[in-house]
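Single-structure report; data block below.
The values are calculated or read from the model by the stated rules, or taken from the named source; none is laboratory data. From a predicted model like this one, the values you see are computed outputs, not experimental measurements. Every residue, glycine as well, gets a Cβ built from its backbone with ideal geometry; the counts of neighbours run over all protein chains shown.
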Amino acid sequence: MNNEIHIYNSLKNQIELFKPIKEGEIGIYVCGPTVYSSSHMGHARSAIVFDVIVRFLRQVGYKVNYVRNFTDIDDKIIDQANKLNSTSTEIANKYKAEYIQDMKNLGCISPDHQPCVSENINEIIELISVIIDKGHAYSANGDVYFDIEKFSDYGKLSNQSTEAMLSNTRIELNPNKKNDLDFALWKNAKPGEPSWESPWGKGRPGWHIECSAMSCKYLGEQFDIHGGGRDLIFPHHENEIAQSECISNKNFANYWIHNGLININKEKMSKSIGNIVNIKDALERWNKNLIRIFFLSHHYRTPVDLSEEKLIEVEKSLKKLSKKITQSKADKSDDFEKAWKKCMSDDFNTAKAFGIFFKYANEGKLSLNNSKNLEEFENVMGISGWRDIISENKNIEINQIEIESIISERNIARERKDWAKADELRSKAEEMGVTLIDHGKNTEWTIKNQ
């Protein structure tokens, strides 16, 4: 490989030169969604970040084995199934299919493998058995727990003492545990829950063990890159390391990459606040390339504040940029490729890469005459065709007073739980070229994408 790549490794909290285990090949595992509800813009950001990382690594010549899992067995899925008088399988399958479609609509490439927990129960049971045999876990009344006292490096990823973990995190208190921080590898079956036979009785896997089992199956007991949102550092990724390395005595993953989280209008995105923006709803408001460019204009490790105003500003800038590229007569810009790839080789810095892109375009150095330069950049960023979309005419005659009246009437219907009336009013707004987006009890509107 001609490109030296440096990565910020969360495990060491520093930038390091990337050296793959096997020359020319990279194994990367990214934690995917728990499929109990529609995926939101936090999922979108993480997916886009790792989509571009994989695209770039392949572009510079690496053979990448990209794995992203689905958690389709979980307390949240069971709770949702009970709430909707459905089954865990039906809920998981519904939202798994929705997520796959959301990823396609966002322009993300499909991972090489997308394993589900339910398809890997045997592998999980086998792994738990080995951990017990090694003396790192114990069975108690049908549950199996990992004994953190037996793993001396516990806390090395999150860089926390056990005292800090106990004070900073909600921990499941259970009299079956030796230590409050011990975590479940296997959960004893409860009435009405999905369960499987095991050496410890009928039950189901704990959350953390699934990723250790599936990453080992597809990438081996040691691989190059593990990724996910920074909210997964503790306890999920910390626990993955413990239960994997206690067996192999090797680094579970050599490099840990964690993307920053998002806020909505300067507030943390949270179900309790009611400001969750689903991917499906966002794509009704904004074009996928606009969403991708917005996220990629920030370094992946930084938090991002998502708002209508900021997306509108990005769209305005892109319209100007598209015009400049169309009008430019430049024939060659060989140093553009070198400049943006240098940025990407420095911890996948898409923000700087887009800064280079904007600079060259504004200076008239990028044109349709040197489309190869443009296309290579656009392919890595996953934004092919952005100029066509940005250039679309979206001037629609909107009666704002009538729209506000529809929203007011619809909010009354929602309060009365008259969902048929609420849907009817939403459809009426859509016929007027407007998309309604609910944030808890509040509703915003925007001009629908054409």
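With respect to V67, is the statement that it is under 16 Å from A184 (Cα atoms), in contact with a helix residue (DSSP H, G or I) (Cβ under 6 Å, 6 or more places away or on another chain), touching a residue at least 60 places away in the same chain (Cβ under 8 Å) and not in a loop (DSSP other than H, G, I, E, B) true?
No, not satisfied.
May I ask you to list the residues in the stretch 244-281 that are assigned by TED's automatic domain parsing to the domain that holds D147, touching a helix residue (DSSP H, G or I) at 6+ places or on another chain (Cβ under 8 Å) and part of a helix (DSSP H, G or I)?
S244, C246, I247
What number goes with the only condition from (1) touching a Cys at 6+ places or on another chain (Cβ under 7 Å); (2) buried (at least 18 other Cβ atoms within 10 Å of the Cβ) that K177 does not pass?
Condition not satisfied by K177: (1).
Name the one entry in S167, S110, S86 that is surrounded by fewer than 20 Cβ atoms within 10 Å (Cβ to Cβ) and closer than 30 Å to K250 by Cβ.
That would be S110, the only listed residue that is surrounded by fewer than 20 Cβ atoms within 10 Å (Cβ to Cβ) and closer than 30 Å to K250 by Cβ.
Given the conditions (1) surrounded by 19 or more Cβ atoms within 10 Å (Cβ to Cβ); (2) assigned to a loop (DSSP other than H, G, I, E, B), and given that F357 satisfies all but one, which numbered condition is not satisfied?
Failing condition for F357: (2).
Only residues that are under 28 Å from Q14 (Cα atoms) and crowded, with 22+ Cβ neighbours inside 10 Å: list them for the stretch 263-293, please.
If the condition is that a residue be under 28 Å from Q14 (Cα atoms) and crowded, with 22+ Cβ neighbours inside 10 Å, then R292, I293 are the ones that fit.
Kindly check whether there is at least one residue in the stretch 191-208 that is in a helix (DSSP H, G or I) and either in contact (Cβ under 8 Å) with a residue 12 or more places away in the chain or touching a Gly at 6+ places or on another chain (Cβ under 6 Å) (or both). Please lay out each step first, then the result.
Step one: filter the stretch 191-208 for residues in a helix (DSSP H, G or I), giving 207-208.
Among the residues that remain, those that are also either in contact (Cβ under 8 Å) with a residue 12 or more places away in the chain or touching a Gly at 6+ places or on another chain (Cβ under 6 Å) (or both) are: 207-208.
Within the stretch 191-208, one or more residues are in a helix (DSSP H, G or I) and either in contact (Cβ under 8 Å) with a residue 12 or more places away in the chain or touching a Gly at 6+ places or on another chain (Cβ under 6 Å) (or both).
Right, F151: touching a Cys at 6+ places or on another chain (Cβ under 6 Å), touching a residue at least 12 places away in the same chain (Cβ under 8 Å) and either of a type in the set (F, W, Y) or assigned by TED's automatic domain parsing to the domain that holds P175 (or both) or not?
Spelling it out, F151 is indeed touching a Cys at 6+ places or on another chain (Cβ under 6 Å), touching a residue at least 12 places away in the same chain (Cβ under 8 Å) and either of a type in the set (F, W, Y) or assigned by TED's automatic domain parsing to the domain that holds P175 (or both).
If only one of D143, D147, D102 is more than 16 Å from Q243 (Cβ to Cβ), acidic (D, E), surrounded by 15 or more Cβ atoms within 10 Å (Cβ to Cβ) and at pLDDT 95 or above, which one is it? If you could, list the steps in order and put the result at the bottom.
Working: D143 fails: more than 16 Å from Q243 (Cβ to Cβ); D147 fails: more than 16 Å from Q243 (Cβ to Cβ).
Only one candidate passes the filter, namely D102.
Could you tell me whether any residue of the stretch 104-117 is free of Cβ contacts under 8 Å to residues at least 24 places away in the same chain, part of a helix (DSSP H, G or I) and within 30 Å of V144 (Cα to Cα)?
no
Return the residues of the stretch 290-312 that are in a helix (DSSP H, G or I) and either of a type in the set (F, W, Y) or in the same structural domain as N105 (by TED's automatic domain parsing) (or both); say none if nothing qualifies.
Hits for the stretch 290-312 are F294, F295.
Answer with yes or no whether S317 is without any contact (Cβ under 8 Å) to a residue 24 or more places away in the chain, closer than 30 Å to W445 by Cβ and either of a type in the set (S, T, Y) or crowded, with 17+ Cβ neighbours inside 10 Å (or both).
no
Considering only the stretch 346-354, I want to know if a residue exists there that is surrounded by fewer than 18 Cβ atoms within 10 Å (Cβ to Cβ), farther than 18 Å from R292 by Cα, modelled with pLDDT of 95 or more and not hydrophobic (A, V, I, L, M, F, W, C).
Taking every residue of the stretch 346-354 in turn, at least one turns out to be surrounded by fewer than 18 Cβ atoms within 10 Å (Cβ to Cβ), farther than 18 Å from R292 by Cα, modelled with pLDDT of 95 or more and not hydrophobic (A, V, I, L, M, F, W, C).
Here are the criteria: (1) of a type in the set (D, E); (2) free of Cβ contacts under 8 Å to residues at least 40 places away in the same chain; (3) under 24 Å from H299 (Cα atoms). Tell me which single one E90 does not satisfy.
Of (1) of a type in the set (D, E); (2) free of Cβ contacts under 8 Å to residues at least 40 places away in the same chain; (3) under 24 Å from H299 (Cα atoms), only one is false for E90: (3).
Please go through (1) surrounded by fewer than 19 Cβ atoms within 10 Å (Cβ to Cβ); (2) without any contact (Cβ under 8 Å) to a residue 40 or more places away in the chain for G220 and return the number of the only condition it doesn't satisfy.
For G220, the exception is condition (2).
One residue is enough: does the stretch 182-197 have a residue meeting the conditions buried (at least 20 other Cβ atoms within 10 Å of the Cβ) and hydroxyl-bearing (S, T, Y)?
For the stretch 182-197, residues buried (at least 20 other Cβ atoms within 10 Å of the Cβ) and hydroxyl-bearing (S, T, Y): absent.
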